[in-house]
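Written below as structure tokens is the structure these notes are about.
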Amino acid sequence: MESVKTLARLSKYLRRHKRALAIGACCIVLVNILGLSIPWLTKLAVDKIEAGTQPRVLLFYASLIVAASALQGIFRFSMRKLMIGASRKMEYELRNDLFDHLLTLSPSYFNRTRTGDIMAKATNDISAVREFLGPGIMYSINTVVVLAAATSLMLYIDPLLTAFALLPVPALAVIVNRFGRLVKERFDKVQQQFSKLNARVHENLSGIRVVRAYGIEESEKRQFSELNEDYVSKNMRLVQIWGTFHPLIALVGGIGAVIVLWLGGRQVVRGEISLGDFVAFSGYLMMLTWPAIAVGWVVNLVQRGAASMNRIARIMDEQPEIVDIDPLPLVKMKGEIEFKDVSFSYREELPPALENVSFRLPQGRKLAIVGKTGSGKSTLINLIPRLFQPASGKILIDGLEIERIPLRTLRCRIGYVPQESFLFSDSIKENIAYGLASARDEEVAEVAVISKISEEVEEFVEKFETLVGERGIALSGGQKQRTAISRAIIISPAILLLDDPFSSVDVATEREILRGLLRKVGDKTWIIVSHRLSSIREADEIIVLEGGRIAERGTHEELLKTGKLYRELHRRLLIAEELETA
């Protein structure tokens with residue numbers, strides 16, 4: 001019942017392709033009608049032989065059998081093309097829907113879910129669902145048609161012989177039920193182990209520099225080998241079940257064949273049925289052997305598909321925490337930002353990352369946020385584009401609560417440079433133009449000059465077409481940060497959020513970048529988190545966070561006079577800057 005409920009979620013995909021599936025089902029029926037006609041034509045030919053017919057009559061029946069076989073091949077091709085083709089399209093749609101849904105989920109979901117597990121569901125599990133939607137449905141229909149038609153014809157020939165031939169069927173039902181449950185349980189364990197294996201590979205490849213830096217390749221190899229061995233072991237246990245299942249099904253079919261051979265042969269000898277009847281009956285019984293085996297295969301596909309769809313459904317059932325709430329159209333974003341008693345915690349059991357934070361930043365002004373590690377600086381920035389939802393309080397942009405601004409509108413007008421500069425495995429040009437599909441080469445070059453990466457890019461053989469590798473591994477930390485800055489300003493944002501954007505850039509380069517930013521987006525609203533004095537001094541106002549609260553605020557000069565925390569922070573930053581430039 002659980003499997004049926006899980007697979008029922010696929011009904012919307014089936015409805016989209018009902019025409020192809022319906023025509024494919026008709027082809028299945030025609031394939032089987034033609035297949036069932038061959039034993040009957042053989043029966044008629046054998047009966048004619050017994051009656052001493054002319055050779056030309058036998059040639060006629062032979063021609064009919066050849067024609068039936070040829071037509072059967074044509075319809076079988078059409079059946080597979082339609083049914084398997086539809087399943088491939090449904091696989092494509094399901095994978096797209098899964099990816100689209102993943103993009104709506106909040107960062108908190110990805111914080112608690114391994115990437116490898118998600119990747120396994122997007123690959124292996126979707127493939128298992130596709131096998132149910134294609135071969136599973138196709139052979140289910142085929143099995144039902146053959147069982148119904150062949151059994152009806154057998155009953156027509158001899159009801160009593162049919163009853164004896166089908167005596168092993170109850171045993172078949174027990175085997176299918178028992179083994180179906182075992183297949184689902186073991187396949188689920190295989191998929192879970194595959195997720196672990198996938199996660200391990202992803203983590204090792206993403207962190208390959210750390211693995212090599214600490215010289216723990218051998219340890220990682222051993223751990224991977226253990227996971228891989230466990231994966232193979234679980235697969236072998238599944239294979240054992242599957243390997244036992246087929247012979248048992250074949251044995252049940254064999255018992256039926258023995259019964260027919262014994263009882264049917266005696267009936268022919270006694271003249272109760274003709275030799276042609278016996279040949280046709282045996283042919284139909286043999287035709288039932290494949291559906292009997294197919295039942296096992298279909299059950300396997302259904303159970304695998306249900307297990308996989310259940311895993312996919314867990315993702316699809318995840319509700320995005322950040323959604324549009326009665327959004328209002330925002331014609332143009334000016335950039336005024338206001339926090340009103342905003343509090344936020346990453347988890348209920350943890351202390352708040354921000355607590356009762358309030359401030360107002362007028363349009364075109366620049367705010368610097370400073371404080372110790374873990375004081376809530378990055379958290380505050382991440383709340384503005386609604387990457388997280390405040391636990392309480394309000395955030396307003398241009399006097400409008402950000403929940404009322406359509407997410408796409410809000411985020412498209414914010415230039416965001418995160419603390420960790422993530423780059424996609426694409427060219428430098430594509431990474432810079434990521435947020436602006438219509439970006440021209442001249443615009444890419446302009447922002448690259450501002451972020452002071454242009455000269456270095458021009459030294460590359462492929463220049464802006466240079467591939468950066470996964471997560472930008474081909475670039476240095478400073479080059480990645482400057483590429484991220486270019487990406488943020490190419491969209492001409494109304495609000496610029498800079499989360500420690502110069503940590504991997506020297507002081508002199510930072511000053512040049514700041515001058516370029518002031519020329520390009522100096523009239524926009526800025527919020528910058530930085531540990532560099534040059535960045536902080538550019539701000540119209542500075543907020544000092546401590547323990548998620550605003551401890552001090554004011555201009556640079558005001559805080560040097562009255563801010564104890566800021567004075568100490570300024571002293572440390574000044575020493576660090578002098579050491580760096582020495």
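All of the numbers you see were taken from the coordinates with simple rules; none came from a lab. This structure is a prediction, so every number in the text was calculated from the model and none was measured. Neighbour counts run over all protein chains shown; Cβ positions are idealised from the backbone, glycine included.
Candidate cross-link partners of LYS121 among the aspartates and glutamates, defined by an alpha-carbon separation under 18 Å and a same-chain spacing of 8 or more, comprise GLU91, GLU93, ASP97, ASP100, GLU131, GLU185, ASP188, GLU203, ASP317, GLU318. In a simple Cβ point-charge model (Lys, Arg +1; Asp, Glu -1; nothing else charged), region 450-505 has a dipole of about 180 debye relative to its Cα centre.
Dipole check for the chain: with +1 at the C-beta of Lys and Arg, -1 at the C-beta of Asp and Glu, and the Cα centre as origin, the magnitude is about 1720 Debye.
Of the beta bridges in the chain, as assigned by DSSP with both residues counted there, near 50 percent are antiparallel. Helix 169-206 and the longest principal axis of the C-alpha atoms of the chain enclose an angle of approximately 30°. The overall shape of region 422-492, judged from the alpha-carbon gyration tensor, is rounded, with an a/c ratio under 1.5.
Taken about its Cα centre, region 94-316 carries a charge dipole of about 540 debye when Lys and Arg each add +1 at the Cβ and Asp and Glu each add -1 at the Cβ. When only Cα pairs under 8 Å and 6 or more residues apart are kept, what is the percent relative contact order across the chain? RCO, the chain: 14 percent.
Taking a spot 7 Å from the Cα of MET316 along the direction of its beta carbon, which residues of region 18-51 have an amide N less than 18 Å from it? Residues 18 qualify, since their backbone N sits under 18 Å from the label point. Comparing VAL505, PHE339, ALA86 along the charge dipole axis of the chain, the residue lying farthest to the positive side is ALA86, per the Cβ-charge model. The angle between the Cα long axis of helix 507-521 and the main principal axis of the chain comes to about 80°, on a 0 to 90 degree scale. Dipole orientation for region 94-316: of the candidates LEU172, GLN223, ALA128, GLN223 has the Cα lying most toward the positive pole (charges on Cβ; Lys, Arg +1; Asp, Glu -1).
Taking other Cβ atoms within 10 Å as a rough exposure proxy, THR555, THR525, THR151, THR143 sort from fewest to most as THR555, THR151, THR143, THR525.
Peptide packing for 477-484, 562-569 was compared via the average number of neighbouring C-beta atoms within 10 Å per residue; ordered from the highest value, the list is 477-484, 562-569. Each label was represented as a point 7 Å from its Cα along the Cα-to-Cβ direction; for ILE23 and LYS372 these points are 7.1 nm apart. Straight-line reach from LYS452: which aspartates and glutamates have Cα under 12 Å away, leaving out those fewer than 8 places along the same chain? Filter leaves ASP506, GLU510, GLU512. Over 29 Å apart at the Cα level, from the set LYS332/LYS366; LYS520/LYS564; LYS480/LYS524, are LYS520/LYS564. Spin-label model, ASN356 to PHE110: label points 7 Å out along the Cα-to-beta-carbon direction sit 3.4 nm apart. For ASP523, ASP398, the sequence from fewest to most other C-beta atoms within 10 Å is ASP523, ASP398. Roughly how tilted is helix 18-50, in degrees to the nearest 10 and between 0 and 90, from the longest Cα axis of the chain? In the chain, helix 18-50 runs at an angle near 20 degrees to the longest axis.
Computed from the C-beta positions of LYS394 and ASP324, the FRET efficiency with R₀ = 22 Å rounds to 0.85.
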